[in-house]
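Engineer: The structure under discussion is supplied below as structure tokens; questions concerning it will follow.
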Amino acid sequence: MALTSAQTEAALRALDGFAIELPSWGFANTGTRFGKFIQAAAATTTEEKIADAGQVHAFTGCCPTVAMHVLWDFPEGKAAIPSVKAAAARHGVGIGAINPNVFQDQCYKHGSLGNPDPEVRKTALSHILDSVEIMNATGSRDLTLWFADGTSYPGSGSVRARKQWFTEGLKTTHAALSGNQRMLVEYKPFEPAFYATDIADWGMSYVLSKACGPRAKVLVDTGHHYQAQNIEQIVAWLLDEDMLGGFHFNDRRYADDDLTLGSIDPYQVFRIFHEICYFTWERGKAPDIAYMVDQSHNLKNKIEEMIQTAMNAQELFVKAALVDHAKLAAHQAKGELVDGEECLRAAFFSDVRPALAEWRKSRGLAPDPLAAFRESGYLSRIEKERAEKNRAAVSSYA
Ligand code: PSV
Ligand code: MN
């Protein structure tokens, strides 16, 4: 059914307040643990990743910032700050969240902040504190912390000692933050650890964040849950506790699959956004949440896929904003189950695409960002420019 003019107005307002951050690592060649399929157009440098992210923002108008992974994007460490900042300015995006990387170096075989060796814990902490210095220079607000730490066999480590080491390291990190900076603590049930991941679920992330102080919040990566887990309920609880800091969005069918947001279960994404919009309606103010994408594509073209993701996110957010909250609250109070559910379904099945096209038009954007990007010729240009470097990556990989 077509939207009423009041609904279209509400949709346009919702879109004005919605932005989603892109991950730099989503534009480079990545793979599965079995291998990599190299794309000729994939970004081969930090500048190229930022340039590609700039394209996504230029065509969608809703991805103004790029999250950076320190080891991958600042290979020379802090010395790279000026060139990264200049690249962002050149390509019309801002530097977003900073992700320290304490999972790749050889010393982290048995963990980082949870490593039994105090020297390794020190090395990890020092990289995290360097990342805070990068944030100071880039003006980034969020430090996004994910740890691969954990054990893969019973008896491999002391669960409690590791928890205490994490508390210690994260408290020191918290003390280094200033101004409006925050640290977002991400959780993941398994992979790469297969027995006891140190920060395995939202409860653990919550406990650690609480121990650190007010700048620490929980980061919900939608791919980091067990099958059938009710993510929107976690979101509602965190909102109510003022502990939801942000999202890493992706979709999944089995585990941490990194699929396009909303490609498998768009109703789940809608239900997550619904909890946020319902909370906003009740409180009269939107919570301060960082919406970020965390996807890395091997099969789809990376830029096209990010455009598709941004469009899906906008569409599902707008649908959630269109739920008639007053009506829903009244049905809930009276125990009118069918009517309550129908409030959600009516919004979910409404066609918001004309409102999206209108919003884009008002911003000078093409109504169909994907088609406009395809017509721009950017992809064929970068394919030519980068093919050689990417071919070299194939042979060095083999
Ligand atoms: C780990 O699976 C994760 O979700 C973390 O956010 C990492 O920073 C990101 O993916 C890239 O490896
Ligand atoms: Mn993530």
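Engineer: Can you return the lysines within cross-link range of LYS285? Criterion is Cα-Cα under 22 Å, with same-chain partners fewer than 8 residues away left out.
Structural biologist: Straight-distance partners of LYS285: LYS217, LYS319, LYS327.
Engineer: What's the ranking of 132-144, 329-341 by average number of surrounding C-beta atoms within 10 Å, highest first?
Structural biologist: Values: 132-144: 20.2, 329-341: 12.5.
The peptides rank, most packed first, as 132-144, 329-341.
Engineer: With a cap of 14 neighbouring Cβ atoms within 10 Å, and only residues DSSP puts in a loop, list the chymotrypsin sites (Phe, Trp or Tyr not before Pro) found in the range 2-93.
Structural biologist: Qualifying residues, ordered by number: PHE34, PHE37.
Engineer: Once you list every other residue whose beta carbon is under 13 Å from the beta carbon of LYS217, what net charge do they have if Lys and Arg are +1 and Asp and Glu are -1? Could the numbers behind the result be given before it?
Structural biologist: Working: positive: ARG141, ARG182, LYS210, ARG215; negative: ASP142, GLU186, GLU241, ASP242, ASP288.
Overall, the nearby charge balance is -1.
Engineer: Shifting gears a bit: So what's the projected area for the range 5-397, the Cα convex hull averaged over all directions, in nm²?
Structural biologist: Its average projected convex-hull area is 19.9 nm².
Engineer: Which log10 I(q)/I(0) values, to two decimals, does the range 290-398 give at q = 0.23, 0.24 Å⁻¹ under the Debye formula with one point per Cα?
Structural biologist: Ignoring solvent entirely, the Cα scatterers give -1.24, -1.27.
Engineer: Turning to a different aspect of this structure: For a test of the definition: using alpha carbon positions, the gyration tensor, and the 1.5 limit on a/c, classify the range 158-224 as rounded, prolate or oblate. Write down the numbers at each step before the final one.
Structural biologist: On the way: a/c = 2.50, a/b = 1.43, b/c = 1.75.
Because a/c hits 1.5 or more and a/b fails to exceed b/c, the range 158-224 counts as oblate.
Engineer: Something else about it: If contacts are Cα pairs under 8 angstrom and at least 6 residues apart, what is the relative contact order of the range 114-232 in percent?
Structural biologist: On the way: 172 pairs, mean separation 33.2, N = 119.
Relative contact order comes out at 28 percent.
Engineer: Which of GLY61, GLY157, GLY179 moves most in a GNM of the chain, Cα contacts under 10 Å?
Structural biologist: In the Gaussian network model the winner is GLY179.
Engineer: If the cut-off is a Cα-Cα distance under 16 Å, which lysines reach LYS36, setting aside same-chain residues fewer than 8 apart in sequence?
Structural biologist: Filter leaves LYS300, LYS302, LYS389.
Engineer: Which of the GluC sites (Glu not before Pro) across the range 145-233 are loop residues per DSSP, with 15 or fewer other Cβ within 10 Å? Spell out each step's value before the answer.
Structural biologist: Working: sites: GLU168, GLU186, GLU232; in loops: none.
When the GluC sites (Glu not before Pro) of the range 145-233 are filtered for loop state and at most 15 Cβ neighbours within 10 Å, nothing remains.
Engineer: Okay, helix-only estimate at 222 nm for the chain: each DSSP H run of n ≥ 4 adds -39500 (n - 2.57), divide by all residues, round to 500 deg cm²/dmol; what do you get? Walk me through the numbers on the way to the answer.
Structural biologist: Numbers: 15 runs with 199 residues, N = 398.
Taken over the chain, the calculation gives -16000 deg cm²/dmol.
Engineer: Taking the chain as a Gaussian network, where each spring joins two C-alpha atoms under 10 Å apart, which residue of ARG215, ARG271, ARG283 fluctuates the most?
Structural biologist: In the Gaussian network model the winner is ARG283.
Read the figures in this text as sums done on the coordinates, not as results from a lab. If you're wondering where the values come from, they're calculated on a predicted model, not measured in any experiment. Virtual Cβ from ideal backbone geometry, glycine too; neighbours counted across all protein chains shown.
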